[in-house]
Every structure is written in structure tokens, then in C-alpha cells.
Amino acid sequence: MGRFEVLLEWLLDPQIIILEDLQPLNVLASLAVAGFCGLVIFLVYRFFHKGVMYSESFNLLIIMVCVITSFIIITIGTNLVLTLGMVGALSVVRFRAAVKDPLDVGFLFWGVGAGLTAGARLYLVALIGTAFIAIMYILFIALGSDKRAFLLIIRYNDDEGVEEDVSAKLGKISHKLKNKTIGMGFTEMTVEVKVRKGDTSFLKPLKETNGVDNVVLVEYTGDYT
């Protein structure tokens, strides 16, 4: 049967399913490729994660997204009625969880792309695309700068000369003022600093400065309150 006859029969009887596309081996092959691609993404995210906090649940979600997208595409590609119903169902779905790290959004799109291609039985595209993105991401991480941005929070009292001493110590390192709060008898300053290879030796001189109550160093991801 030619493609035109199949399309005509599909349009005349929208309940028809192209059974040869739903053979168990075809379905299992698509799900297996999607699961394998999801596992690769899972491992890349786990061992090369650059965010502040690693989320195991989000990483497991990536595998689920790959497999779920795959069997959705299998369904859409074989039945016209289910396609329309699926589009209608997905249009009312609302996701409330906020993804703060832009890289996490990229990993989600990666998972969706792998699931789409696997579900469409473009197995070679799914495998090559997943491998290419994984290698590219790992290379970028390996060749990236060894400097990381941190927020340095310094709290000191308003005694005479304390602020000058703190400014003198900060002058020895590259920094950028982010926030300064003046309260009753104290001042709290937040600055952005670059730390190379985890070297935090500059914290001890600051803490030993007369009038400094405490010094806190927090990794800076671009948003803070």
C-alpha cells in the first residue's frame, strides 16, 4: 500500500492505527534508545554539574522526560485521534516548578530532543546528537576558567578606622561591591570576588581585622537576595 493510500485511509477512518508501527520490538527499541540517551544525560549532569546544589530528583526527571517524550511521539505518529487528544491534554498542563539555573533548562531541552528523535525512530540521530552534546559540554567544562565567582559577606562594627582597615584588606583582591547595609552600630558589606582553585586564604586576614564580627563566603550564581 502506497503512502497516498495509507493517508487517504487514515483520513477516511481516523480510528485506524498503523499496526506495523506499533510492533512490540519497535516500541521497545524506541524506549530503550530514549532510556540510554537519558542515562547518558544523567551521568553528564551528575559528574559535571556546575550549579550550587546538585538535585538528584531533577536528574532523575531528565531520564523520565526522555522516555515519556518518546512514547508520546510513538502515539502521535500512529493515530490521528490520539494526536488531537494529546495536544488538547498537554495544552492545559501547567508546570509550577521554577528552574533557576539556565543550564538546567538546557538539560531539559536535551532530554526532550533525545526523546523526540528516539520516538520518531531516528535512533542514529538520537545517539549521535546525545554523544555530540555530551562531548561538547564536557570539553567546555574542562577548558573553562578555573576561577569561580563567590559572594563575600563582611559584618563589622562602626568603630573608627574599621572600615578603612576592611577596605585596605579588600584592596589586595579583585572585588566588586554588590550591597552595603548600615545598621545600628554595624555595617554589612557584600562584594563579588573571584576564587581560583578554591584558594580562600584571603579570608583569614579579613577575619583577624579588629572590629570585624564575621566573614561569610557563598558561591555566586547570578541571583541573590
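The values are calculated or read from the model by the stated rules, or taken from the named source; none is laboratory data. Note that the coordinates shown come from a computational prediction; the quantities given were computed from them, not determined experimentally. We place every Cβ from the backbone using ideal geometry, glycine too, and count neighbours over all the protein chains shown. Surface areas here come from the heavy atoms of the whole protein model, side chains and all, with no ligands, DNA or RNA. Shrake-Rupley method; radii C 1.70, N 1.55, O 1.52, S 1.80 Å.
Residue count for segment 155-201 satisfying the condition of being outside any strand (DSSP E or B) and under 26 Å from Leu143 (Cα atoms): 7. The listed residues are Val81, Val87, Val99, Val93, and the only one of them that is at pLDDT below 75, more than 20 Å from the chain's Cα centre (by Cα) and outside any helix (DSSP H, G or I) turns out to be Val93. Can you name the residue in segment 166-190 that is among the aliphatic types (A, V, I, L, M) and in contact with a Lys or Arg (Cβ under 9 Å, 6 or more places away or on another chain) and, of all such residues, is least open to solvent (accessible area, probe 1.4 Å)? Among residues in segment 166-190 that are among the aliphatic types (A, V, I, L, M) and in contact with a Lys or Arg (Cβ under 9 Å, 6 or more places away or on another chain), the one least open to solvent (accessible area, probe 1.4 Å) is Met189. Considering (1) in a helix (DSSP H, G or I); (2) open to solvent by 60 Å² or more (accessible area, probe 1.4 Å), the lone condition that Lys50 does not fulfil carries the number (1).
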